[in-house]
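To keep things clear, I will list the structure first and then write my remarks on it.
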Amino acid sequence: DLQLVWFRNDLRTLDNTALSAAAQRGPVIGVFLATREQWRRHQHGAAKIEFIHRGVRALSDALDALNIPLLYRDIGDFSQAPQALEEIVREHDVTTLHFNREYPLDERQRDAAVSEHLHQAGITVHDYTDHIAFEPGELLTGQGDYYKVFTPFAKAWHQRVTAEQLALRDTPACQSALTLTRNAIPALPDADRSDRVDAHTWVAGQDAAADKLERFLDARARRYATDRDFPSLAGTSELSAYLATGMISHRQCLQAVMANNGGHLADGDAGLKSWASELIWREFYQHVAVGFPYICQHQPFQSHTAKLKWRHSDPDFNAWCEGKTGFPLVDAAMRQLVATGWMHNRLRMLTAMFLSKHLLLDWRRGEAFFMAHLVDGDFASNNGGWQWAASTGTDAAPYFRIFNPITQSERFDPKAEFIAHWVPELADLPIKSRHQPSASERRATGYPQAIVDHKRARQRALDAFKELD
Ligand code: FAD
């Protein structure tokens, strides 16, 4: 009986639940459906689309080595998926479709439509928990609600997780060659090409991901708890794009932590356990997307904040996007994002807070801008991060705790090295001035004057939030 595996955000043959289960039942073929119109509607930018495209090519090669042909269809948007899959199923006499679940609302609706359509056509459909350890709904509070706060969620996660949930799934053995051959994957249209994202930094595919994980564990993981906050140290794994597209699984990451940490996730080495905890944050936000699906429709998690009177200012928004706010670390971060498709977590928090608090601009504009530029864009993590910074979300930063961008700069980029790299016009100034150039230094270097005054901007944000009470 021929089995069809539909690959989506799981572009790997290693530790892939759907693929592993399918291969136990019979010969397998795979399919990837490119949905560029949908991705555009979801604001995915060229960086991410190109990374996926390279990832699909790498997946096709990895599958080919197992004699599993990968079919490739360009179908526009999610609404075309049921029909496209039915055609493949009929053409090749497939009996069963397998896929790993995804959690944002549009993806869940797509999958429900596919399952119903294929059931009616007499095809068996199996879907699996793969991206995270617990299926949303399995990990609830004592009152039976979804968690709204990370810490108790993480505690419950550690208490309840089983070895089986984290065990690596079998990689299929090489199967006998089928008569069907894989599809060539067409080149991307120009509109989806990105010259921004360095293909050497972001080499696509599961092998590159595994190498990156190994290098991180060898060199940086044990220092992660301290180094992770300093953007100039490259102290984090830079695996986010691989996790977001499934070129590596969270199980592979957590198993590697345990192998290096005496079998522990919550204890042992400070760096390793703190890194494992970030992977649980990732899982938390996936659960939030299912428990509170209105966040997938541009609504704030905390409904009372829907009334907040955000400002409208295109010049301010553009200055933020272009890295010309006159706050050096904010600008360095925004320039890093636009130039490379990636930004350090500390700086994502800082720039998101700057947009939503100092500029009092709607966080949804920033969320969309991040999505359009990130190579690791992931709806749940991006939305979660933005709503945290804007104090509209789960675990929200209390609205009165507003980062001072200069203090943050002195604390997390103490030698202003990150600033010197990304804002080169300030590189020749003394360290102190790189954090906060004087008016004359700004004039001499062509670096913009600050577009807001920290204290006044802070007060304006506090007033806007107080109005909600
Ligand atoms: P590491 O520090 O090595 O962490 C390991 C992995 O844990 C990451 O790859 C990621 O999968 C996960 N992780 C780490 N921190 C978080 C977090 N706070 N929330 C959820 N998962 C986390 N992450 C994305 O993957 N995609 C996004 O679109 C995204 N948007 C964000 C937007 C904002 C405003 C904020 C504040 C954070 C966002 N994050 C996002 C979370 C985090 O910034 C990135 O995951 C991290 O910077 C990626 O770098 P890394 O792989 O080196 O992380």
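The values are calculated or read from the model by the stated rules, or taken from the named source; none is laboratory data. Bear in mind that the values here come from a model prediction, so they are computed numbers and not experimental data. Cβ placement follows ideal geometry from the backbone for every residue including glycine, while neighbour counts extend to all protein chains displayed.
Per the conditions (1) in contact with a Pro (Cβ under 8 Å, 6 or more places away or on another chain); (2) at negative phi; (3) among the aliphatic types (A, V, I, L, M), the sole criterion not satisfied by residue 420 is (1).
Quick one: is residue 283 part of a loop (DSSP other than H, G, I, E, B), within 14 Å of the ligand (Cβ to nearest atom) and in contact (Cβ under 8 Å) with a residue 60 or more places away in the chain? When the stated conditions are applied, residue 283 does not pass them.
In the stretch 125-179, what count of residues is obtained for those that are farther than 18 Å from residue 108 by Cα and outside any loop (DSSP other than H, G, I, E, B)? Talk me through it step by step, then tell me what you get.
Just the residues of the stretch 125-179 that are farther than 18 Å from residue 108 by Cα, to begin with: 139-145, 147-179.
Next cut, outside any loop (DSSP other than H, G, I, E, B) only: 140, 150-160, 163-166.
Result for the stretch 125-179: 16.
If you filter the stretch 443-467 down to residues that are touching a residue at least 40 places away in the same chain (Cβ under 8 Å) and small (Gly, Ala, Ser), you find that the one that is surrounded by the fewest Cβ atoms within 10 Å (Cβ to Cβ) is 464.
If you check residue 384 against the conditions, is it buried (at least 20 other Cβ atoms within 10 Å of the Cβ), within 30 Å of residue 54 (Cβ to Cβ) and touching a Ser or Thr at 6+ places or on another chain (Cβ under 9 Å)? Explain how you work it out, then say what you get.
Working: buried (at least 20 other Cβ atoms within 10 Å of the Cβ): yes; within 30 Å of residue 54 (Cβ to Cβ): yes; touching a Ser or Thr at 6+ places or on another chain (Cβ under 9 Å): yes.
When the stated conditions are applied, residue 384 passes them.
Does the stretch 324-336 contain at least one residue that is among the basic types (Lys, Arg) and in a loop (DSSP other than H, G, I, E, B)? Yes. Of the residues 361, 329, 337, 347, the single one that is under 16 Å from residue 229 (Cβ atoms), more than 9 Å from the ligand (Cβ to nearest atom) and not small (Gly, Ala, Ser) is 329. Each residue in the stretch 208-245 was checked for being more than 11 Å from the ligand (Cβ to nearest atom) and in a loop (DSSP other than H, G, I, E, B), and 1 pass. Scanning the stretch 217-241 for residues that are free of Cβ contacts under 8 Å to residues at least 40 places away in the same chain and either surrounded by 20 or more Cβ atoms within 10 Å (Cβ to Cβ) or closer than 22 Å to residue 8 by Cβ (or both) gives 235, 237, 239. For residue 399, the criteria (1) among the hydroxyl-bearing types (Ser, Thr, Tyr); (2) touching a Ser or Thr at 6+ places or on another chain (Cβ under 6 Å); (3) modelled with pLDDT of 95 or more hold in every case but one, which is (3).
Counting only helices (runs of 4 or more DSSP H) that sit wholly inside the stretch 356-431, those with at least 1 residues that are within 24 Å of residue 311 (Cβ to Cβ) and touching a residue at least 12 places away in the same chain (Cβ under 8 Å) are 363-373, 379-389, 405-412.
The set of residues from the stretch 90-110 being part of a helix (DSSP H, G or I) and buried (at least 21 other Cβ atoms within 10 Å of the Cβ) comprises just one member, 110.
Residue under question is residue 289, and the condition is that it be buried (at least 21 other Cβ atoms within 10 Å of the Cβ), in contact with a Cys (Cβ under 9 Å, 6 or more places away or on another chain) and part of a helix (DSSP H, G or I); does it hold?
Numbers: buried (at least 21 other Cβ atoms within 10 Å of the Cβ): yes; in contact with a Cys (Cβ under 9 Å, 6 or more places away or on another chain): yes; part of a helix (DSSP H, G or I): yes.
Considered against the rule, which asks whether it is buried (at least 21 other Cβ atoms within 10 Å of the Cβ), in contact with a Cys (Cβ under 9 Å, 6 or more places away or on another chain) and part of a helix (DSSP H, G or I), residue 289 comes out as yes.
Starting from residues that are closer than 17 Å to residue 344 by Cβ and under 10 Å from the mean Cα position of the chain (by Cα), keep the ones in the stretch 372-383 and report whichever is farthest from the ligand (Cβ to nearest atom). The selected residue is 375. Take the residues in the stretch 259-272 that are in contact (Cβ under 8 Å) with a residue 24 or more places away in the chain and away from the ligand (no atom under 11 Å from the Cβ), then tell me which one is surrounded by the most Cβ atoms within 10 Å (Cβ to Cβ). Among them, the one singled out is 272.
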